[in-house]
Structure formats: structure tokens, C-alpha cells
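Accompanying notes for the structure given below.
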Amino acid sequence: MRYRDPLANPAPLIRRVYSYVAYRIGDGPDAEDVTSEVFERALRYRASYDQARGHALPWLLGIARTCVDDALTRRPPASAVEAADQASSEDVEGEALQRLAMAGVLARLDERAQDLIALRYGSDLSARQIGEILGMKTNAVEVALHRALARVRAELEEAPPEAHPSRAEPAPRVTP
């Protein structure tokens, strides 16, 4: 069997890995740094890639999961008060508030549920691909995703109306 370089076509791999990382730790310089670390490790350990186990993306996402965990343990915990102060001082729109509410709900999920949701929606992987990465059966991934999403929906529905600007009463218009 001919050796195939797992990083021969890096552009789509970088986009998928960055999407996963940004979904887990937030968009921006931190996600770029972690993505760079993933590819640095991939280059360093390229010889350990086993093409018989599948495509390069699951291998890279396995490295990304480790790098994200490392980054999250190094990051100082931000308090909810700081996040609320930051959001209110910027005069953000309803969509941004919804994203903050969603981020809060996702942060309260257990690590496994966060990882499943990030792999599915951040990296746009199928349940079969997630199963390959996590060593789970496809059906088990689908069930775990369904349960995690049900918890997210339940928490979002329990939140007060001001946490969901689209459901809140519209603000009165002021005419000059």
C-alpha cells in the first residue's frame, strides 16, 4: 500500500479543524493559536498517522480535542458577571444575546456532550465520522447527540424571556 501524506491537501483540513476549535473555545486569536498547535503536532507526529484507520480529518480532530482541552485548562475561568457586563456595555443586538445564552447553556453541559455538539455542528461531521473519532457506534453517537440537544432545548425554554430577545416584548418606539 502506497503511503499517502495526511497533510497533502491542508486547506480543507485547516477549515474543518478551525471550525471545531472555534466552536469549542470561541472564534478569534485563541482558536487560531490552538489550530496552529494542532497542525504543529500533526507535522511532528506525521509518522504515527495510520492511513488504514481512515481519513486524516478524524486523526486531526483527535489532536484538536487534546489541544482544546489543554487550552481550556490554561484559560482562567470567566465569571458570568464579567460576560454580562461585557455584553451590556457594547449595546449588542438580540442575535448576540441569543448566542450568549446558547454559549451559557453549552458551557453547562458535560464535556462529552460539548464535544459531541462541537464535532457535529462545529466540524460538520456525520454521526458515523464522530463515532470513528470517539470510538463509539453510530447509533450511540446519534442517541447521545439527541439527549444533549434535548438538554439544550430544555434549558433554553426555561430561561427568562429577556434571555430570548426574539420572544420578548418589542421595545416601544420613540419618535423624535
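Details
- If you filter the range 80-97 down to residues that are open to solvent by 70 Å² or more (accessible area, probe 1.4 Å) and part of a helix (DSSP H, G or I), you find that the one that is modelled with the highest pLDDT is Glu95.
- Any hit, the range 110-118, residues being at pLDDT 85 or above and over 16 Å from the mean Cα position of the chain (by Cα): no
- Checking each residue in the range 24-74 for being in contact with a Pro (Cβ under 9 Å, 6 or more places away or on another chain) and not in a helix (DSSP H, G or I) picks out Tyr49, His55.
- Any chance Glu155 is among the charged types (D, E, K, R), open to solvent by less than 90 Å² (accessible area, probe 1.4 Å), out of contact with any Ser or Thr (no Cβ under 6 Å at 6 or more places or on another chain) and modelled with pLDDT under 90: yes
- Failed criterion for Pro77 (all others in (1) modelled with pLDDT under 85; (2) assigned to a helix (DSSP H, G or I); (3) open to solvent by 80 Å² or more (accessible area, probe 1.4 Å) hold): (2)
- Those residues of the range 121-134 which are open to solvent by 70 Å² or more (accessible area, probe 1.4 Å) and of a type outside the set (Phe, Trp, Tyr), in sequence order: Asp124, Arg128, Glu132
- Restricting the range 24-57 to residues that are surrounded by fewer than 18 Cβ atoms within 10 Å (Cβ to Cβ), of a type outside the set (Asp, Glu) and within 30 Å of Leu100 (Cα to Cα), the residue that is modelled with the highest pLDDT is Ser36.
- The residue that is surrounded by the most Cβ atoms within 10 Å (Cβ to Cβ), among those in the range 4-23 that are assigned to a loop (DSSP other than H, G, I, E, B) and without any contact (Cβ under 8 Å) to a residue 12 or more places away in the chain, is Asn9.
The values are calculated or read from the model by the stated rules, or taken from the named source; none is laboratory data. Predicted model only: the values in this text are computed from it and were never measured. Heads up, the Cβs are rebuilt from the backbone with ideal geometry, glycines too, and the neighbour counts pull from every protein chain shown. Keep in mind that these areas ignore ligands, DNA and RNA; they rest on the heavy atoms of the full protein, side chains included. Shrake-Rupley method; radii C 1.70, N 1.55, O 1.52, S 1.80 Å.
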